[in-house]
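Engineer: Provided herewith is a single structure, encoded as structure tokens, for subsequent inquiry.
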Amino acid sequence: MILKKIFPFILLVAVFSCNSKQVTNVEDYNTYLTNTVSQTELLASAQIWTDKIEASPNQFPYLGKRASAYSKLFSATGNIDYLKKAEYDLLEAIKFTNEKNGSYLKSLAANYISQHRFKEALEKLKRAETIGDKLNGTKKMLFDVHLELGNYIDAESYLVDIKNNSDFDYLIRLAKWEDHKGNLEGAIENMEKATKIAESSNLKGMKQWAYTNSADFYGHAGDIKKSYKYFLKALELDPTDAYAKKGIAWIVYSYENNAEEALHILNHVSSYYQAPDYELLKAEVAEFQDNINLKSKSLENYQVAVSNKQYGDMYNAYNVTLFTDDLLLPEIAMDFATTEVENRPTPLSYDLLAWSYFKQGNVDKANQIIEEFVDGKTFEPAVLYHVAEIYKAAGKMEELKPLKKELMASLYELGPLMESKINQL
């Protein structure tokens, strides 16, 4: 097992020191907990283009404009209906242009990426690449999709092709690539460069993206203070940023063990942002509180939400974890894991398949999958925990030792519920 170098000593000191657990301050972010998304302006923008379409049905550019408005609504609210409406408009615009407009194809690919329909996104991007319009942007998206699909040779090829050390888009992708390889230090270095470019450009969207992703990387590295600082910077730009608020809720819960305040933040976000996985996080925090009723209700809310067929396969990975670890129905988890491997044959997807076999008691099959498709190919802490449990069951105790050390160093990412499980490895 190749282990990522993420400053484990620093993280262990942070996790286990007695008097350094307070990073957040309610006064820093409390004002943002009164900010919710008002859909009025965004809906008005979409309605403007609807009126234009009704007046001039053959003006296909209006479809693209309305799709953009719907995409913004989805980003602001998490409401899957808006993402599907944007998809419909883009498909219609592509029909009007006989698949010869690269911009519409790329916009549809971005929509499909949001829906985790990566193979379909790749198909549209290949078509856009053939057209050749704004080719560099197409190549950047092709890197993204190949990375998501586990086509790492293709992803690296496109990354080399778009190399430009003064380009924000290149640097953020290089940071992703370094993180994929387990070089978190290199990922942070490139994110810092990208953040400086974003700040000098003073473009809000670019800065927002840089701040939330920097927060994530610093959290992975165990620098919780910097992670918190960047989430706050993101909220300064957009007080309704649900992802930044969720990030602060995680710090409050996982690092400070303040479950009540974490739930306060999450409940606020859920008042205006619809994302089923937020309910799973509430369920985890409730379990930490020994609040069985809240956990049960949160899991029920999640299942009701994802029963909406418009989500498609977006929540397969979450469903595997739900049915293996919470509902103890690994045979159902197996169906989701198998579909996820078909859609997205990455080490993370194969880990879900292995975990489903393991939870059914088939240790040999689980171990075989881990050895062939997972071991040394990803450095995600949740995956490493599964690997450790499977190796322990398979009697591979020498391989287990470094994994346990790595997992203790990743306890912040895994959450406080995992500490006892790791200690029992």
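The values are calculated or read from the model by the stated rules, or taken from the named source; none is laboratory data. Note that the structure is predicted; figures quoted are calculated from it, not measured. Because the Cβ atoms are built from the backbone with ideal geometry, glycine has one as well, and the counts that use them run over all protein chains shown. We work out accessible area using only protein heavy atoms, side chains counted, and drop any ligands, DNA or RNA first. Shrake-Rupley method; radii C 1.70, N 1.55, O 1.52, S 1.80 Å.
Engineer: Hey, can you tell me all the residues within the stretch 78-114 that are assigned to a loop (DSSP other than H, G, I, E, B) and either open to solvent by less than 10 Å² (accessible area, probe 1.4 Å) or of a type in the set (A, V, I, L, M, F, W, C) (or both)?
Structural biologist: Of everything in the stretch 78-114, just one residue is assigned to a loop (DSSP other than H, G, I, E, B) and either open to solvent by less than 10 Å² (accessible area, probe 1.4 Å) or of a type in the set (A, V, I, L, M, F, W, C) (or both), namely GLY78.
Engineer: Any residue at all in the stretch 239-260 that's open to solvent by 10 Å² or more (accessible area, probe 1.4 Å), within 23 Å of PHE143 (Cα to Cα) and free of Cβ contacts under 8 Å to residues at least 60 places away in the same chain?
Structural biologist: no
Engineer: Name the residue, out of LEU42, LEU63, that is modelled with pLDDT under 95 and open to solvent by less than 60 Å² (accessible area, probe 1.4 Å).
Structural biologist: Of LEU42, LEU63, the one residue that is modelled with pLDDT under 95 and open to solvent by less than 60 Å² (accessible area, probe 1.4 Å) is LEU42.
Engineer: I'd like to check something: does the stretch 78-97 contain any residue that is over 22 Å from LEU42 (Cα atoms) and touching a helix residue (DSSP H, G or I) at 6+ places or on another chain (Cβ under 6 Å)?
Structural biologist: yes
Engineer: Taking the criterion of being open to solvent by 30 Å² or more (accessible area, probe 1.4 Å), within 29 Å of MET418 (Cα to Cα) and not aromatic (Phe, Trp, Tyr), would at least one residue in the stretch 199-212 satisfy it?
Structural biologist: no
Engineer: Give the residue, chosen from ALA244, ALA275, ALA234, ALA286, that is small (Gly, Ala, Ser), over 18 Å from GLU27 (Cβ atoms) and within 18 Å of the chain's Cα centre (by Cα).
Structural biologist: None of the other options fit; the residue is ALA275.
Engineer: Considering only the stretch 264-301, how many residues are open to solvent by less than 20 Å² (accessible area, probe 1.4 Å) and more than 25 Å from TYR32 (Cα to Cα)?
Structural biologist: The qualifying residues number 1.
Engineer: May I pose another question? Pairs needed: first member in the stretch 306-324, under 11 Å from ASP277 (Cα atoms); second member anywhere, part of a loop (DSSP other than H, G, I, E, B) and open to solvent by less than 50 Å² (accessible area, probe 1.4 Å); C-beta distance under 7 Å; at least 6 residues apart or different chains.
Structural biologist: VAL306/TYR315; MET314/GLN115
Engineer: When only residues in the stretch 339-354 that are open to solvent by 50 Å² or more (accessible area, probe 1.4 Å) and in a helix (DSSP H, G or I) count, which is nearest to LEU384 (Cα to Cα)?
Structural biologist: LEU348
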